[in-house]
Amino acid sequence: MNRKLRRLTLSAIAAATLGIPFASQMSAHADEPLKVGFLVKMPEQAWFINEQKAATALGQKEKFSVVNIGTPDGEKVLSAIDNLGAQGAQGFVICAPDVRLGPAIQARAKRYNMKFVTVDDQLVDSTGKPLPNVPHLGMSAFKIGNQVGTAISDEMKKRGWKPEEVGALRITDYELPTAKQRTDGATETLLANGFKKENIFDAPQKTTDDEGGFNAASPVLSQHPNIKKWVIYAINEETVLGAVRATEQLHIASADVIGVGINGAGEAFAEFQKKEQTGFYGTIAVSSTNHGKDSTQNLVDWIKNGKQPPADTQTTGKLMVRSNWQDVRKELGI
Ligand code: GLA
């Protein structure tokens with residue numbers, strides 16, 4: 001047998017052996033109500049807790065069930081899909097821990113004949129381009145970055161800060177396109193408002209949470225003891241909050257720090273409720289409730305009625321600060 005033919009025969013055998021249990025699984029679940037998964041990379045982060053809650057609430061209203069799973073790494077993602085397949089789920093929403101898992105996730109979903117949509121972080125193919133044919137719902141990242149830049153510039157002006165005396169701590173994650181777009185957008189607006197390019201310092205982060213922000217910020221702040229005033233921006237408010245904690249540890253006064261995040265979830269609310277204002281000035285709030293609800297609705301309509309979801313939905317944000325956080329929260333239904 002030639003090599004090509006042999007490979008073909010082997011994959012046919014594999015398909016046949018694998019096919020039987022899947023087929024029987026599907027029929028065993030055929031008359032159960034619709035079940036879908038909601039997989040998130042950081043199940044402990046307020047943003048993702050809100051999304052999963054909103055998905056579950058929609059399910060209760062529309063009589064389908066949602067299996068919420070935390071998938072902090074690639075192996076967990078694949079085993080979660082296996083798990084959903086075994087339970088007879090017909091699809092899932094996912095914010096993956098690494099967008100380069102795109103092709104692997106697609107292959108695994110196909111194995112169980114499951115539909116899936118992405119939320120927040122858009123998956124990419126092996127060349128780094130967005131994975132085609134996977135509907136996505138996420139922030140209008142660059143524009144929201146622009147809003148961060150505007151909030152920082154306005155507040156600098158209000159405080160009477162001169163550009164030459166201010167440093168920017170730009171916490172980066174260039175492996176995640178939405179993160180790069182957000183910080184690029186903020187940088188663009190800061191520069192347009194007269195910020196000094198040479199005063200922007202990069203602090204690459206390993207994880208997009210408080211700890212990641214703290215660890216990225218500390219060494220960069222220590223390297224520039226001559227800079228007394230700082231502005232801070234990043235992918236999200238958790239990261240900015242971690243960096244603000246790093247400024248506090250170095251005894252930089254809160255009045256000399258302007259940190260602006262993105263998300264508008266639990267951590268920002270807790271910060272706004274502190275007695276004294278910290279270096280965390282504000283955040284561009286986006287509705288995590290709508291992200292969870294709308295992405296799930298798109299998926300369920302697709303499964304039930306064959307209605308193809310929009311290819312790329314981009315959501316908008318609003319500046320939330322100490323004085324308006326409760327109103328913005330209500331307005332966005334967070
Ligand atoms: C990324 C970030 C989250 C949140 C979402 C919003 O996944 O890691 O904190 O900002 O985007 O889309």
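Summary table
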| quantity | calculated |
| --- | --- |
| Subset of the range 39-73 that is among the small types (Gly, Ala, Ser), surrounded by fewer than 22 Cβ atoms within 10 Å (Cβ to Cβ) and within 16 Å of the ligand (Cβ to nearest atom) - its residue that is nearest to Leu332 (Cα to Cα) | Ala46 |
| Unmet criterion (only one of (1) open to solvent by 20 Å² or more (accessible area, probe 1.4 Å); (2) among the basic types (Lys, Arg); (3) in a helix (DSSP H, G or I)) for Arg182 | (1) |
| Residue selected from the range 293-312 under the condition in a loop (DSSP other than H, G, I, E, B) and touching a residue at least 40 places away in the same chain (Cβ under 8 Å), by the criterion farthest from Pro135 (Cα to Cα) | Gln308 |
| Which numbered condition Ile284 misses (of (1) under 30 Å from Pro135 (Cα atoms); (2) part of a helix (DSSP H, G or I); (3) of a type in the set (A, V, I, L, M, F, W, C)) | (2) |
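The values are calculated or read from the model by the stated rules, or taken from the named source; none is laboratory data. Quick caveat, the model's predicted, so the values are computed rather than measured. A quick note on method: Cβ atoms are made from the backbone with ideal geometry, for glycine too, and the neighbour counts reach across all protein chains shown. For the accessible areas, the whole protein counts, side chains as well, though only heavy atoms, and no ligand, DNA or RNA atoms are used. Shrake-Rupley method; radii C 1.70, N 1.55, O 1.52, S 1.80 Å.
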